[in-house]
Amino acid sequence: MRPRAVVEAWVAAFNSADADALAALYHEDAINHQVANEPVEGRAAIRAMFACEFAAAAEMTCIVENLFEDGEWAILEWRDPNGLRGCGFFHVQGGRIAFQRGYWDKLSMLRLQGAELPEGLR
């Protein structure tokens with residue numbers, strides 16, 4: 001699969017909250033680095049990360065704003081129904097994600113989800 005098609009499959013699996021389908025899109029030794037968090041290394045750890053996120057009460061939906069492909073890279077600009085926005089860079093090799101980096105505002109996400117924030121961040 002070309003990078004764009006891989007990311008389209010990634011969005012479909014993400015919106016279905018399917019951690020197994022998401023994990024299948026990654027190389028065994030892939031890295032997923034959401035810059036608001038520490039990098040997650042390895043397909044099994046990436047699967048566990050998604051499973052944990054989907055098990056939480058947080059509603060997560062990825063609405064594609066733009067999706068670009070350049071060589072082995074796909075670039076996704078997204079939003080969710082609550083107004084959170086972000087972008088992701090996916091390095092795809094051999095039809096699987098070898099590296100992913102995502103940018104989004106964690107504080108905005110926590111606020112939108114109604115999470116309890118520390119005193120200085122309210």
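A short reminder: the numbers here are calculations on the coordinates, not readings from a lab. All values reported here derive from a predicted model rather than from experimental measurement.
Work out from phi, with θ = phi - 60° and the Karplus expression 6.51 cos²θ - 1.76 cosθ + 1.60, the ³J(HN,Hα) of each residue of region 71-80, listed in order in whole Hz, and give x for Gly and Pro.
So the Karplus estimates, Gly and Pro as x, are x, 8, 10, 10, 10, 10, 9, 9, 9, 10 Hz.
Given H placed 1.01 Å from N in the peptide plane, which residues other than close sequence neighbours of ALA98 have an amide H under 5 Å from its amide H?
Here HIS27, HIS91, VAL92, GLN93 satisfy the definition.
Return the sequence-ordered ³J(HN,Hα) values of region 19-32 in whole Hz as given by the Karplus equation 6.51 cos²θ - 1.76 cosθ + 1.60 applied to θ = phi - 60°, using x for Gly and Pro.
The phi angles translate into 4, 5, 5, 4, 4, 5, 7, 9, 4, 4, 10, 5, 10, 10 Hz.
Please state the shape class of region 1-62: rounded when a/c is under 1.5, otherwise prolate if a/b exceeds b/c and oblate if not, all from the C-alpha gyration tensor.
Oblate is the answer for region 1-62, as a/c is 1.5 or above yet b/c matches or exceeds a/b.
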